[in-house]
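Take a look at the structure below.
The values are calculated or read from the model by the stated rules, or taken from the named source; none is laboratory data. Please read these numbers as outputs of a predicted model, since none were measured by experiment. FYI the Cβ positions are ideal-geometry reconstructions off the backbone, even for glycines, and counts take in every protein chain you see.
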Amino acid sequence: MSTHSATDVLVVAPNGSAVANLATKLPTEELSVTHARGVDVACQQIETTSVDCVVLGHTEGEFDGFGCLEKLRKSTPKLPVVLVPSTVTDSVASQAVAANVDALIPATDADLAESVTAEIDTHVDTDGVQLPISVLPAPARRRLKERALDEAPIGITIADATATDLPTIYINESFKDVTGYTPAEAVGRNLRFLQGPETDAQQVRKLREGIEADRDTRVVLRNYRQDGTPYWSQVHISPLYDDAGAVTHYVGFQLDVTDRKRAEQQLQAERELLDRLLDRIQGVLNDTTEILVQATNREELEAKITDRLSDEYVSAWLGRYAGAEGRLTITQHAGDHELRSSPNRAVDIADDEQLRACIDANAVYTADKLSLLELGDDEHCVLVPLSYRSTVYGLIGIVCRTDWFDDREQVLLGSIGRSVGASINSQLTKRTLTTDSMLTVGVELFDEELLFSQLAAAVGTTFNYEAVLTADRQAGVTLLMSTPCDLEELSNAAMDFESVRAVDPIVAGEMSVVQFKLVDSTLVDILSTFGGQLTTMDINDARLAVEFSVATEATAQSLLEALRTHYDRVDLVAYHEADPQQTAQGFRAEFRSRLTDRQLTAIKMAYISGYFEWPRRVDGSQLAASMDIVPSTYHQHLQAATRKLMELVFET
């Protein structure tokens, strides 16, 4: 027993916790405070020094204050203990009562240091002499425990197990904070009066069965406050026994868990919504993939896509976009809404701000007002561009109900739009290769950033186009060009340009053939986007002259618009319908379709480089080196390509 004037306080809590910080915040003129970060250090402190009171931390899953208390009381069973848990739950309150702690103060208390100091003063006499609760007179002891229950931050009730219908004989002040009922209004009644029409009967039955079996029971009930508003209450009931082992009372703990329950319900609703969304997305995606694979032409593709989306949503329509004219022509429509524009009638997008915004941004756009159709108050129209790279071929409009459509579906619809755009591009390219008549377009491009014009100026030469060997966004572009200049000078000058990856001479002579590997090529990219077939290209230090073929006039206009967007000046020098070339173009398309990329590159390189001439201008090892393969592999590719060519020529 301490005889000095200051009260010796041992704070037991892990470093960095709110309780550990009390060691520096408790008043030093009244208290002599020591900090122990664990139970072993605390036990040693109690055995070797004077301790009048213990302030004990507790954090679920991190620091077991009750386990520590059990060890401390083996040597000092009457030592006053102030428990400071990080959070107060019904479980913590129940254990605190069972462990007979002298005071319970939550670590979240706004005046934690003052509250702990007050409790230390209450449970330790002014001379520093320990005063455990067990030495108090019975009435004082009962009042102290009742005060602890009254001030607990959760609802606590005690019911008489020996009386009919288990009436409550005690209700603390916090019960009102949870239910709205004062202790005077609730005492003497069975707490079932808190239940109402939406209280889960199964949970009530579980609670009743636990009471009948005299066991600890925990349930979550939808109860009702005094004003009639529902709330979620976590109820924990524990039996109390007399010395003979008979249940005399039930202690109950009520904790308002409405916020937690709402969060759980919201999470469940989100999961159900996501499940429905995934089912819908999976169905649309599977059907779209099948349509893209099976459609034989653009008209069939557009009709089937529109019908499928109208099945999933309120309605759908599709329009083809002509960039040169700034017009959208509605070609497909399905579903419940009538369009104000008749089929195949062009709409000027300049008259509709939201159509124009979608096309300009080339991104999914949600419109709440359109000139094309009337939308209800609970509807909006999701505009999806049908695009390939930077080219917009059209729009799909999908009408859906605002409270049903999930924003995450826009990601899927954007992907579908890009897939349809790529398929349309493929259809246009195929048509260019096999059509009976084509448009031949010749242009001259002027721009300070033209790579080959800059290169021609740097070394004083000209270039003629021979072939595009590869054109891929990741692998880059490989071009074969012929030029009369010095190859070493050309190579050194070309490597000064960031867009040039490598320069490989294939044939050296009066007119050398050179392979250029580029990071990218705006011209090749634009032609590929619109299905244009490059036929000739002539380059000097001032301009780049290009001739290409396309299938339709609309495609030619869109391609020209794209060129004018990317280059400073574009002069149109030729525009006419070419003689029918179906047989030759079809033959070439069929031949290319039978070759692998490597086989096509091998035979192209051989032809352009003079491998088939006699005497040969180049040998196989040189061609193999240009493709970064060994000669034997190159000859395998070349022989395979030659065999397929002969099969196509002579097959019947």
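Some values worked out for this structure:
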{"quantity": "Selection status of Val514, in contact (Cβ under 8 Å) with a residue 24 or more places away in the chain and buried (at least 20 other Cβ atoms within 10 Å of the Cβ)", "calculated": "yes"}
{"quantity": "Single residue of Thr642, Thr601 found to be under 47 Å from the mean Cα position of the chain (by Cα) and assigned to a helix (DSSP H, G or I)", "calculated": "Thr601"}
{"quantity": "Any hit, the stretch 507-528, residues being small (Gly, Ala, Ser), more than 41 Å from the chain's Cα centre (by Cα) and under 25 Å from His566 (Cβ atoms)", "calculated": "no"}
{"quantity": "Pairs, first assigned by TED's automatic domain parsing to the domain that holds Ser423 and within 19 Å of Glu409 (Cβ to Cβ) in the stretch 284-307, second at pLDDT below 85 and of a type in the set (D, E, K, R), C-beta under 7 Å, six or more apart", "calculated": "Val284/Glu312"}
{"quantity": "Flag if Ala350 is outside the structural domain of Leu559 (by TED's automatic domain parsing), part of a loop (DSSP other than H, G, I, E, B) and under 23 Å from Ser558 (Cβ atoms)", "calculated": "no"}
{"quantity": "Which numbered condition Ile330 misses (of (1) part of a strand (DSSP E or B); (2) in contact with a Cys (Cβ under 9 Å, 6 or more places away or on another chain); (3) not small (Gly, Ala, Ser))", "calculated": "(2)"}
{"quantity": "Single residue of Glu561, Glu547 found to be farther than 20 Å from Gln454 by Cβ and at pLDDT 90 or above", "calculated": "Glu547"}
{"quantity": "Test result for Thr87, over 18 Å from Glu119 (Cβ atoms), surrounded by fewer than 23 Cβ atoms within 10 Å (Cβ to Cβ) and free of Cβ contacts under 8 Å to residues at least 24 places away in the same chain", "calculated": "no"}
{"quantity": "Total residues in the stretch 342-363, condition in contact (Cβ under 8 Å) with a residue 40 or more places away in the chain and surrounded by 20 or more Cβ atoms within 10 Å (Cβ to Cβ)", "calculated": "1"}
{"quantity": "Residue count, the stretch 592-612 (criterion: under 13 Å from Val507 (Cα atoms) and of a type outside the set (Phe, Trp, Tyr))", "calculated": "5"}
{"quantity": "Total residues in the stretch 626-647, condition surrounded by 12 or more Cβ atoms within 10 Å (Cβ to Cβ) and either of a type in the set (Asp, Glu) or in contact (Cβ under 8 Å) with a residue 40 or more places away in the chain (or both)", "calculated": "6"}
{"quantity": "Test result for Val382, at pLDDT below 85, in a strand (DSSP E or B), under 30 Å from Asp525 (Cα atoms) and of a type in the set (Val, Ile, Thr)", "calculated": "no"}
{"quantity": "Verdict on Val477 being closer than 11 Å to Val519 by Cβ and surrounded by fewer than 19 Cβ atoms within 10 Å (Cβ to Cβ)", "calculated": "no"}
{"quantity": "Selection within the stretch 158-196 - closer than 20 Å to Trp232 by Cβ, surrounded by fewer than 15 Cβ atoms within 10 Å (Cβ to Cβ) and in contact with a Phe, Trp or Tyr (Cβ under 9 Å, 6 or more places away or on another chain)", "calculated": "Phe193, Gly196"}
{"quantity": "Of all residues in the stretch 570-586 being touching a helix residue (DSSP H, G or I) at 6+ places or on another chain (Cβ under 8 Å) and at pLDDT 75 or above, the one that is nearest to Thr552 (Cα to Cα)", "calculated": "Tyr575"}
{"quantity": "Neighbours by Cβ (under 6 Å, 6+ apart or cross-chain): first from the stretch 547-564, over 22 Å from Glu466 (Cα atoms); second part of a strand (DSSP E or B)", "calculated": "Ala554/Ala322; Ala556/Leu439; Ala556/Val441; Ala556/Val550; Arg564/Val570"}
{"quantity": "In the stretch 609-624, the residues that are outside any loop (DSSP other than H, G, I, E, B) and in contact (Cβ under 8 Å) with a residue 40 or more places away in the chain", "calculated": "Gln622, Leu623"}
{"quantity": "Matching residues in the stretch 482-503 - criterion: being under 16 Å from Asn464 (Cα atoms) and not in a helix (DSSP H, G or I)", "calculated": "Ser482, Thr483, Pro484, Cys485, Asp486, Val503"}
{"quantity": "Residues located in the stretch 218-266, provided they are within 47 Å of the chain's Cα centre (by Cα), over 25 Å from Glu185 (Cβ atoms) and in a strand (DSSP E or B)", "calculated": "Arg218"}
{"quantity": "Pairs where the first residue, in the stretch 181-196, is over 13 Å from Gly228 (Cβ atoms) and the second is hydrophobic (A, V, I, L, M, F, W, C) and outside any loop (DSSP other than H, G, I, E, B), C-beta under 7 Å, 6+ apart", "calculated": "Pro183/Ile171; Pro183/Phe175; Ala186/Ile171; Ala186/Phe175; Val187/Ile169; Val187/Ile171"}
{"quantity": "Some residue of the stretch 119-142 being of a type in the set (Val, Ile, Thr), assigned to a helix (DSSP H, G or I) and at pLDDT below 75", "calculated": "yes"}
{"quantity": "Residues located in the stretch 11-60, provided they are within 25 Å of Ser91 (Cα to Cα), in a strand (DSSP E or B) and over 48 Å from the mean Cα position of the chain (by Cα)", "calculated": "Cys53, Val54"}
